[in-house]
1. With a 1.4 Å probe and every protein chain left in place, work out the accessible area per residue of segment 35-106 in Å², rounded to a whole number.
2. Given 0.36 nm per residue, what is the gain on full extension from T43 to N160 after removing their alpha carbon distance, in nm?
3. Could you give the nm distance between label points at Q30 and A96, where each point is 7 Å from its Cα heading toward the beta carbon?
4. Averaged per residue, what accessible surface does segment 130-192 expose to a 1.4 Å probe, in Å²?
5. Over segment 86-206, what percent of the accessible surface lies on carbon and sulfur atoms, probe 1.4 Å?
6. When the chain is fully extended, how far beyond the present Cα-Cα distance does N63 get from Q189, taking 0.36 nm per residue of separation?
7. By how many nm would the segment from T135 to A79 grow when fully extended, if each residue of separation counts as 0.36 nm and the alpha-carbon distance is taken off?
Amino acid sequence: MKKKLLLPLLASAALLTALPAKADIVLGGQNWTFNGVDTLALTAVVPGGNQPQNVQCIICGANQPQQLSTFGYTNYGNAGNQTSEVYFSTNVSGGANPGTNTIGSGYDGTFLRNYLIASGDNNLRFTVGIDANDTNTPQTLTSFFLLNLTTKTVLSAFINGTAGNIASQNNGTGFPDYTLGEFDISLGQDIHLGDQLIFFARIDGANDGPDSFFIQPIASTVPLPATVWLFGGGLAGIAALARRRKKLNGHGQVQTA
């Protein structure tokens, strides 16, 4: 797949610090390995739709009453005026709070792939929409990861976000502001059938109401035959979409909350 440079909010700003190569990062008290990583770009593109009504939240500052009953999420109960919000997603129907910087229940990779396919996303690529709310003082998306919980590896990463990079553009719960991507969960050398996947987000300077992260499927331009993709069924033939990730060289270790 096409690789993106690690960029901050605007291309004119300084480049983010490069991802550590073949390194470990500490999240939730566990080491995660950078075997090969898709780097993510944060852009001021406002995702379509109204987040509580038609897309699925993964890490949410408030309850999501219209979330699919089968699609679990973290509801961390945003209280505002927090130095940092540091949370993993958790696949608990109706929402649950695993606790600050605490690993929740992973999503089965097959479940996520089937959800994307049912949304017309046969290429298994998606973005994450961000709903940011502030008191006219911009908050900072410091980091965001998609992790393979089974193998303890980093699949996609946004790190060292520049200060104030998610100033609210559409204040109010449910009205999204930014897009983070692109993610790819097709099968390959770093995702296998049966692997559990989990998301992680850190926002610093959280000064207002609920901030939330939600999945935005990318509709495929050429749909595959319905007989190939069955929501809730087998995924025969999906291995043909094997991903290719950039391999990173070198050594080092990064610590983060």
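1. Per-residue value: 39 Å².
2. 40.6 nm
3. 1.4
4. Accessible area per residue, segment 130-192: 29 Å².
5. 48
6. This chain segment gains 41.8 nm when fully extended.
7. That pair, T135 and A79, stretches by 18.8 nm at full extension.
The values are calculated or read from the model by the stated rules, or taken from the named source; none is laboratory data. Predicted, not measured: the structure shown is a model, and the values here were computed from it. Using ideal geometry, Cβ is built from the backbone for each residue, glycine included, and neighbour counts are taken over all protein chains shown. To get the accessible areas, we keep the full protein, side chains included, count just its heavy atoms, and leave off ligands, DNA and RNA. Shrake-Rupley method; radii C 1.70, N 1.55, O 1.52, S 1.80 Å.
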